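The structure appears below as structure tokens.
No value in this document is a laboratory result; all are computed from the given coordinates. Predicted model only: the values in this text are computed from it and were never measured. Positions of Cβ are backbone-derived with ideal geometry, glycine not excepted, and every protein chain shown enters the neighbour counts.
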Amino acid sequence: MEPPLETLSDLPPSAKLVFKVLEYNGSLTQGEIADETMLPRRTARFGLSRLKEGGLVEDQVSFRDARQSVYSLTETGEQVGTPSN
């Protein structure tokens, strides 16, 4: 598996917040992420795009509504979020 392009510390605060929300809540749509973080949808979308570029988040088509995507942490993202002892 390739290493992430960016580490979490290199990302903007909005991306870090989106990462933490996905870490705590699991899979969410962009709208749910915006609601949970209280970020504007555009800012949440920017955070998601940076996380996807870094290989920390992946998206899949929602089974509830095919017009939406559901975002979740990748295996790499889960490893980044797990504190090392």
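Counting every pair of alpha carbons in the stretch 12-80, the share spaced more than 21 Å apart comes to 13 percent. Need one number: nm distance between label points at Ser72 and Arg42, each 7 Å from Cα along Cα→Cβ, rounded to one decimal. Distance between the two pseudo-spin positions: 3.1 nm.
Its Cα centre serving as origin, the chain has a Cβ charge dipole (Lys and Arg +1, Asp and Glu -1) of approximately 360 debye.
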